[in-house]
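The values are calculated or read from the model by the stated rules, or taken from the named source; none is laboratory data. Model, not experiment: these values are computed from the prediction. Every residue, glycine as well, gets a Cβ built from its backbone with ideal geometry; the counts of neighbours run over all protein chains shown. For accessibility, only protein heavy atoms count, side chains too; no ligands or nucleic acids. Shrake-Rupley method; radii C 1.70, N 1.55, O 1.52, S 1.80 Å.
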Amino acid sequence: MRLLHRLALATVMVGGAVSAGLVLIDAHSRQAAAEATLADLGRSRMDEANGERACERLDTPAVRPPPPHRPARHRPPPPGPRVEPPRIIPLGPSAWPAWAAARGWERPPVAADWSAVQTGLLSSSVAVVVETPWPRGPCARLLVTGSTAPGFLGALLPGSPVWLAPLLAVILTAWIALAPVARRIEGLTALVEARPAESFQLPAGFAGSDEVSALGQALQRMSDRLREELHGREAQERRLREFVAHTMHDVMVPLTVLMQHVSKLREAQPDQPSVRAIADEAHYIGALLQNLEAAARIEGGAPELCKAPVELCELVRRVAARHDVFAHERSVELAVGLPERPAFIEGDLTLLERALSNLVYNAIHYNRPGGHVAVVLEMGAHFVLSVLDDGPGIPADEMGQLVQRGFRGNQARSRGSRGHGLGLHITHEVAKMHGFELRLERPPEGGLRALIEGPSNQRSPRELRKGIH
Amino acid sequence: MARILLIEDDAALAAEIVSTLERAGHTVDWWSEGRVPDPSGLDLLVVDLMLPGMYGLDILVELRASSDLPVLVLSARNATSDRVRALELGADDYLTKPFWPEELVQRVKARLRRPYLARSTQLHVAGLKIDTEQGWVCRDGASIELTPTERSLLLILAARQGEPVTRSRLAEVLADASSLGDRNLDAHISRLRKKLGPGEVIATVWGVGYRLATKDARRP
């Protein structure tokens, strides 16, 4: 409620200052008027009295306050401070009544005509000292006292505090005008924060014709534009992915036919280097295309996992089957070590297959004839899927660099060595997306061990379905 | 070996697949359009997804309403959702293009290994006869004496029908599961090999452990 806090503070400060100012000015004005009047009264009495001797009569009962009498039965005393009628007290040249001193009044210095006695700005008692033409007698000066009772001359403000009413009215008006506005602004803020930017919805009840409504409508229009743009982008991405999928399909079929022929050729001429090279390249093209497909999914705006129960033993067998030919070509032995029972985890089938395939491909590709590759799956609370080879391995410093760059090799290296570029990067990304860990280790006996580790789901899909339905 | 129906609309690819499977010893029929086959008389259906006529998945659904015939899906569509869907609808396997013919043969063989009732409890390896159910081993009619540990090891290997078994799995049967278990395992296997006589009965698998030297489970 910061706006209202500020309003409260401002009104208190300004109202307080104005009120205080008014009260002080009023008091001062009344006192000044009273003093002038008392001075006139003193002087006129002086003129009336017959010279110095009459001065002594100034303090006579004639001008003394009337003795208190029985209060009139028919009229209650008026509210407010008691009205003191004026008194004239003759003073000697340097006399000063004790009672005046007791009240804190100081004897003013001699002046030409009359001077005021400082009684305090807010005091209702007023006193002046009038100089007489007889400075040496008992009537050298006259002390004239009175009060600034309400209704007396010079009052600016009326007696009762009714003058505060307009001030309060102003404050109240400000609050009445601004409090609803502050609330509406808060309401609008809450609406904006309630939902994401592109689904901002101004409720029908918010209509109005003030600045806040205008702001709300502007925000609504902005949100609508944002939503349109986002939909446009999403549609574009969808079209791109569909294009990739269709293209993949169009390429995969002829590639498959090619591979069937190459295989027959290999059988007929197993030692022909060209034939082996063709087989190699065909395999690589197939793997690369599938990697590109995976990369398109991963690097898209919102990489999604299509999670389902994945049986790892079957996955490993499929990947091994895919690479058997390749391994045979390279005279590398490829073996798998699997648990007896089906091993289920939660994950994206295709991406996991890609991740493992890339590791197996690299293990075979970088190996030498007569080398070995083993894919081993261990199941427990966690699963550990390792690809172990006795190839040259990766030097420690290079391994560090690869890990740092997220397994994306630089261009030259990617083109030259083929494996470290896209394949390992995809494996790493897939592991990350699943919350699994990818580790590259250098076993003491040499070679490379690449492992993917993550939580396992010990229940079968049937059991999972039972749990759901 | 088996009667296989292939439904694939690309003629060049279909010709290759038929030729590959026939060379592996199977009898293959080929349809180029999608329609639901009569499962009787068939041992396996190999079907593409994108077909003129009826889509592969629809064929699968209709087939599954009345038959348990093993189905292997071939497809260029590699999207996880497609594969999961096909498996949910009852496909037994899903082979994505491109694939090597050897791969196809292996996957077909794996699907034809159902039902398990046909599995024999007796294995023949390098002149040995092993009964996995009763747990005895004999060569030329003469029974071979094995310690309980050696028998356990052999039966585990035999149960896996030639697939490699990891060292850690084998080490589980050893009496003392200490850190020396590994070397201990090698010693046991070595003694077992000696007892089993000539010929390679137990093969070493680099990086994994050991396997029974039957024909490789993966290689046709």
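Under 5 Å between amide H atoms, partner at least 5 residues away or on a different chain: which partners does B:A213 have, H built in plane at 1.01 Å?
B:I202, B:A203
Quantify how strongly other chains surround peptide B:10-23 by giving the mean number of their Cβ atoms within 10 Å of each of its Cβ atoms.
3
State the percentage of accessible surface on the range A:192-339 attributable to carbon and sulfur atoms; use a 1.4 Å probe and exclude ligands, DNA and RNA.
58 percent
Rolling a 1.4 angstrom probe over the protein heavy atoms, how many square angstrom per residue are accessible across the range B:119-208?
51 Å²
Hey, can you list the residues from the range A:335-361 whose accessible area shrinks by 10 Å² or more with all protein chains present, relative to the chain by itself (probe 1.4 Å, no ligands or nucleic acids)?
A:A335, A:V336, A:G337, A:L338, A:E340, A:L349, A:T350, A:E353
Whose amide H sits under 5 Å from the amide H of B:D93, counting only residues 5 or more places off or on another chain, with H placed in the peptide plane?
Close amide H contacts, sequence-distant or interchain: B:V71, B:V73.
Note down the net charge around B:P198, summing +1 for each Lys or Arg and -1 for each Asp or Glu among other residues with Cβ under 14 Å from its Cβ.
Charge balance near B:P198 sits at +2.
So for chain B: antiparallel DSSP bridges make up what percent, rounded to the nearest 5?
Just about 45 percent of them are antiparallel.
Under 8 Å for C-alpha pairs, at least 6 residues apart: give me the relative contact order for the range B:1-132, rounded to a whole percent.
20 percent
Which whole-Hz couplings ³J(HN,Hα) result when phi for each residue of the range B:152-168 is put into the Karplus expression 6.51 cos²θ - 1.76 cosθ + 1.60, θ = phi - 60°, listed in order with x for Gly and Pro?
Running phi through 6.51 cos²θ - 1.76 cosθ + 1.60 with θ = phi - 60° gives 4, 4, 4, 5, 4, 4, 5, 4, 8, 6, x, 6, x, 10, 6, 4, 5 Hz.
In nm, to one decimal, how far is the A:E198 label point from the A:E211 one, both placed 7 Å along Cα→Cβ?
The two pseudo-label positions are separated by 3.2 nm.
Just check the range A:282-342 against the gyration tensor rule for me: Cα atoms, a ≥ b ≥ c as the square roots of the eigenvalues, rounded for a/c under 1.5, and otherwise prolate or oblate depending on whether a/b exceeds b/c.
oblate
What residues of the range B:41-83 lose no less than 10 Å² of accessible area with every protein chain in place versus their chain by itself (probe 1.4 Å, heavy atoms only)?
Hits at the 10 Å² cut-off: B:M50, B:A76, B:R77, B:N78, B:T80, B:S81, B:R83.
Ignoring ligands, DNA and RNA and using a 1.4 Å probe, state the total buried accessible area between A and B in Å², rounded to the nearest 100.
4200 Å²
Counting only residues 5 or more places away or on other chains, whose amide H sits under 5 Å from the amide H of A:I89 once H atoms are built in the peptide plane?
HN-HN under 5 Å from A:I89: A:L143, A:V144, A:T145.
Pull up the cross-link candidates among the aspartates and glutamates for B:K194, meaning alpha carbon to alpha carbon under 13 Å and not fewer than 8 places away within one chain.
B:E145, B:E150, B:D186
Each residue of the range B:27-34 in order: what ³J(HN,Hα) in whole Hz does its phi give by Karplus 6.51 cos²θ - 1.76 cosθ + 1.60, θ = phi - 60°, with x for Gly and Pro?
Result, rounded to whole Hz: 9, 10, 9, 10, 10, 9, 10, x.
Would you work out the relative contact order for the range A:194-298, in percent, from Cα pairs under 8 angstrom that are 6 or more residues apart?
Over the range A:194-298, the number comes to 22 percent.
Quick check: at a probe of 1.4 Å, how many percent of the accessible area of chain B sits on carbon and sulfur atoms?
Using a 1.4 Å probe with all protein chains present, chain B comes out at 52 percent carbon and sulfur.
Would you please classify the overall shape of the range B:1-81 from the alpha carbon gyration tensor, given that a ≥ b ≥ c denote the square roots of the eigenvalues, rounded means a/c under 1.5, and beyond that prolate means a/b larger than b/c while oblate covers the rest?
Oblate, since a/c reaches 1.5 and b/c is not below a/b.
Using the per-residue mean of other Cβ atoms lying within 10 Å as a proxy for protection, in what order, highest first, do the peptides A:125-132, A:183-190 fall?
Ranked from most to least packed, the peptides come out as A:125-132, A:183-190.
How large is ³J(HN,Hα) for each residue in the range A:261-267, as worked out from phi by the Karplus curve 6.51 cos²θ - 1.76 cosθ + 1.60 (θ = phi - 60°), to whole Hz, x for Gly and Pro?
5, 4, 4, 5, 4, 4, 5
Please say if the range A:341-384 is rounded, prolate or oblate, where rounded means a/c under 1.5 for a ≥ b ≥ c the square roots of the C-alpha gyration tensor eigenvalues, and otherwise the choice is prolate for a/b larger than b/c and oblate otherwise?
It is oblate, given that a/c is not under 1.5 and a/b is not larger than b/c.
Too long at a 28 Å Cα-Cα cut-off: which of A:K264/B:K97; B:K109/B:K129; A:K264/B:K109; A:K264/B:K129?
A:K264/B:K129
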